[in-house]
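Notes follow once the structure below has been shown.
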Amino acid sequence: MQTMPAHAAHHDDREIETLEEFDATVSARGTLAGFRVQAVDLTDRTRELLSTDTAGAVFLGCPMREDAAAKVRAGGALVFPPVPDLPFDPYRGRVYSPDELFASLPVGYESTPDALAYTWFQRTKSDSDIFASMLRSIHDDAISDALDELLTGTRVVGVMGGHAMARGTEAYAGAARLGRELTRSGLTVATGGGPGAMEAANLGAYAAPFDDVMLDDALRLLAKSPSFTPSITEWARAAFEVRERWPGGGTSVGIPTWFYGHEPPNPFASHIAKYFANATREDGLLARSTAGVVFLPGAAGTVQEIFDNATPNYYESRGEPTPMVLVDRAHWTERLPTWPLLRALARERSMETRIALVDRIEEAPAALKRLGG
């Protein structure tokens, strides 16, 4: 089973994202010239900053003492100071963890960093303040950078589906078994990071190291809070109860957005890349699903994702087309007849051999494997 590194090798070895990396760089290289230091608290590194060359360095949101900041700027570095009173760090060096986004859940979801970031977004998104929109862009760019570093060398399979799929249903259990099987086959599962089908696939990835009994028990436990309405707090608590009872689950990725603020992220994705801009998030999720995408029954959002994925496959703008597996014939040919249009688009193009429609969720892994060659 493929495991993701806690923090993968950097694309750019000039990036410093932890205090340990800062100390190692200063002692090994004796210089910070040209380095990028991202969201590292340097208030206790004044001596090092005063005595080290920082020409051409960039400090992104690194707290430091005033004399250190003045010396660093005078030495030719760019200093982007931390922004006070923000409920998120726009310069962060890594993606989120569920514990981080849901900190203070015992008090209630409203007081979590996730909810506070959404409240800030709601307050600032309509007043067209250039500063607020710049902070959102910097944050999303930092998240994309962290996600690329995290996924270096992994084979990612996307699982898309609606948020309405309730815990306790057979469809939810099926999506969880799908996530488990894909993870056990060595793939990294990536979802939209929200509730419903997305949560189920992340839960399955989490359950991958355990036996069947664990997944059955977890599904029963979760069924007591079937949906994130009326209470996100109760819904999230049930998930954390599962994680506490079975610690050390398998890794997977969730890529949600504050754009759909009523939808909380699910706590089963070990790595959460949460975005303000939904378009960036959608495109990033599909572009990173290099081993293909499985589309479970969903509504408008899932239909959009099918064609967002089909377009680069049609034009081969990201290289060779990637596999697309649609699950549930009746759904995709009668209720929302997406399959006939997808098949017509694919005709006589190289993506034609990379699309499949299956009746049952159990058939999806084999179809994915067949299409992936």
If G319 satisfies all but one of (1) closer than 25 Å to I355 by Cα; (2) at pLDDT 95 or above; (3) open to solvent by less than 40 Å² (accessible area, probe 1.4 Å), what's the number of the condition it fails?
(2)
Just to be sure before I move on: is T251 open to solvent by 40 Å² or more (accessible area, probe 1.4 Å), within 27 Å of K369 (Cβ to Cβ) and either in a strand (DSSP E or B) or modelled with pLDDT of 95 or more (or both) in the structure I sent?
no
Candidate set from segment 10-29 (those that are of a type in the set (S, T, Y) and in a helix (DSSP H, G or I)); member that is surrounded by the most Cβ atoms within 10 Å (Cβ to Cβ):
T25
Considering only residues of segment 289-302 that are more than 30 Å from Y109 (Cα to Cα) and not small (G, A, S), which is modelled with the lowest pLDDT?
T290
In a helix (DSSP H, G or I), farther than 21 Å from G158 by Cβ and touching a helix residue (DSSP H, G or I) at 6+ places or on another chain (Cβ under 7 Å): is that true of V242 in this structure?
yes
For segment 89-106, which residues satisfy the criterion of being open to solvent by 20 Å² or more (accessible area, probe 1.4 Å) and touching a helix residue (DSSP H, G or I) at 6+ places or on another chain (Cβ under 7 Å)?
R92, R94, E100, A103, S104
Which of the residues belonging to segment 140-149 are within 30 Å of E234 (Cα to Cα) and either exposed (fewer than 14 other Cβ atoms within 10 Å of the Cβ) or of a type outside the set (A, V, I, L, M) (or both)?
D140
Members of segment 322-343 that are loosely packed, with under 12 Cβ neighbours inside 10 Å and in contact with a Phe, Trp or Tyr (Cβ under 8 Å, 6 or more places away or on another chain)
none
Screening G158, G93, G168 for residues that are touching a residue at least 60 places away in the same chain (Cβ under 8 Å) and in a loop (DSSP other than H, G, I, E, B) leaves only G93
Are any residues in segment 107-139 more than 25 Å from W235 (Cβ to Cβ) and open to solvent by less than 10 Å² (accessible area, probe 1.4 Å), and if so, which ones?
A132, L135, H139
Residues satisfying the stated conditions in segment 358-370, i.e. surrounded by fewer than 19 Cβ atoms within 10 Å (Cβ to Cβ) and either small (G, A, S) or farther than 9 Å from V327 by Cβ (or both):
E362, A366, K369, R370
Quickly run through segment 130-146 and pick out the residues that are farther than 11 Å from R92 by Cα and in contact with a helix residue (DSSP H, G or I) (Cβ under 7 Å, 6 or more places away or on another chain).
A132
Tally time: how many residues in segment 150-165 are open to solvent by less than 30 Å² (accessible area, probe 1.4 Å) and either under 18 Å from L215 (Cα atoms) or at pLDDT 95 or above (or both)?
8
When T124 is run through (1) touching a residue at least 24 places away in the same chain (Cβ under 8 Å); (2) among the polar types (S, T, N, Q); (3) touching a helix residue (DSSP H, G or I) at 6+ places or on another chain (Cβ under 6 Å), the failure sits at (1)
Are any residues in segment 326-355 of a type in the set (G, A, S) and farther than 17 Å from G298 by Cβ, and if so, which ones?
A344, A346, S350
Among A287, A300, A269, A279, which is of a type outside the set (V, I, T) and in contact with a helix residue (DSSP H, G or I) (Cβ under 7 Å, 6 or more places away or on another chain)?
A269
May I ask you to list pairs of residues, at least six apart or on different chains, whose Cβ atoms are under 6 Å apart, with the first in segment 352-371 being farther than 21 Å from P312 by Cβ and the second being surrounded by fewer than 14 Cβ atoms within 10 Å (Cβ to Cβ)?
D359/R329
Picked from segment 254-276 (must be open to solvent by 10 Å² or more (accessible area, probe 1.4 Å) and at pLDDT 95 or above), the residue farthest from the chain's Cα centre (by Cα) is S270
What number of residues within segment 105-155 are of a type in the set (S, T, Y) and touching a strand residue (DSSP E or B) at 6+ places or on another chain (Cβ under 6 Å)?
1
In a helix (DSSP H, G or I), touching a residue at least 40 places away in the same chain (Cβ under 8 Å) and over 30 Å from G204 (Cβ atoms): which single residue out of L135, L86 fits that description?
L135
Could you please find all residues in segment 30-84 being basic (K, R), touching a helix residue (DSSP H, G or I) at 6+ places or on another chain (Cβ under 8 Å) and open to solvent by 50 Å² or more (accessible area, probe 1.4 Å)?
R65, K71
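The values are calculated or read from the model by the stated rules, or taken from the named source; none is laboratory data. Remember, it's a predicted structure, so these values are computed and weren't measured experimentally. All Cβ positions, glycine included, derive from the backbone under ideal geometry; neighbour counts span all protein chains shown. These accessible areas exclude ligands, DNA and RNA; they are computed on the full protein's heavy atoms, side chains included. Shrake-Rupley method; radii C 1.70, N 1.55, O 1.52, S 1.80 Å.
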